[in-house]
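The values are calculated or read from the model by the stated rules, or taken from the named source; none is laboratory data. None of the values given here were measured: they were computed from a predicted structure. Cβ coordinates were reconstructed from backbone atoms using ideal geometry, including for glycine residues, and neighbour counts include every protein chain displayed.
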Amino acid sequence: MAHGKKPLKIKEEVKTEKDIRQSTTDPESGYLYRENKPEGFFYLDHRTTDMKYNIITDAHVTSGNVHDSVPYLARFGIQVEAVALDSGYLTIPICKGLSDRRIFGVIAHRRFHPTRGLFEKWKFHYDSEHDHYICPNGEKLLYTTTDRKGDRFCKSDPNKCVSCPFLESCTRSKNIKK
């Protein structure tokens, strides 16, 4: 009961199998659900292209519920020196597989995009000696709680924030709290 919080409830039944949707008309297809993509039963094609001329050197088809990174390493049918991949391929097995094969890989990463018009996280200085953050106006954000994932949260004092000249650039919270 640290910080006045109730202990976590222990779930008695843990589901060990994942429910996998299967098409009644095409059981080899897979249910695709991704942001900004159509949802339903589909197939995916995975293509490898030559960087110099953009010629397709390999194509592989999987059901729609197979992540792009799963068939990737098995697709090297020719000698490859270097690859450039989008952020969907930034997984530990892909990185290890490229390293083991001595293939130079450049893989994009996903960036967190802060809300437009608000201060970026780096504008808040962490004072490790006192275990709190300091906002751009010099006020302390004190530790309040830790969530289930272990992330620690610090919050500002709304009584100080209400008169802050940076309020519009700091938070859009209705309770005037960062």
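To keep it simple, each residue is scored yes or no on (1) modelled with pLDDT of 90 or more; (2) assigned to a loop (DSSP other than H, G, I, E, B); (3) of a type in the set (Lys, Arg).
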{"site": "Lys6", "(1), (2), (3)": "no, yes, yes"}
{"site": "Lys11", "(1), (2), (3)": "no, yes, yes"}
{"site": "Arg21", "(1), (2), (3)": "no, yes, yes"}
{"site": "Glu28", "(1), (2), (3)": "yes, yes, no"}
{"site": "Lys37", "(1), (2), (3)": "no, yes, yes"}
{"site": "Met51", "(1), (2), (3)": "no, yes, no"}
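Taking (1) assigned to a strand (DSSP E or B); (2) farther than 20 Å from Gly97 by Cα; (3) among the polar types (S, T, N, Q) in turn, Asn65 satisfies each apart from (1). Residues in region 34-88 that are among the hydroxyl-bearing types (Ser, Thr, Tyr) and surrounded by fewer than 16 Cβ atoms within 10 Å (Cβ to Cβ) were compared, and the one that is farthest from Arg21 (Cα to Cα) is Tyr53.
In region 143-178, the qualifying residues are those that are hydrophobic (A, V, I, L, M, F, W, C) and loosely packed, with under 14 Cβ neighbours inside 10 Å, and the one that is nearest to the chain's Cα centre (by Cα) is Phe153. Number of residues in region 116-142 that are at positive phi and either in contact (Cβ under 8 Å) with a residue 40 or more places away in the chain or surrounded by 15 or more Cβ atoms within 10 Å (Cβ to Cβ) (or both): the value is 1.
Can you find a residue that is at pLDDT below 85, under 25 Å from Ser169 (Cα atoms) and either surrounded by 12 or more Cβ atoms within 10 Å (Cβ to Cβ) or among the small types (Gly, Ala, Ser) (or both) anywhere in region 93-115? Yes, the conditions are met somewhere in region 93-115.
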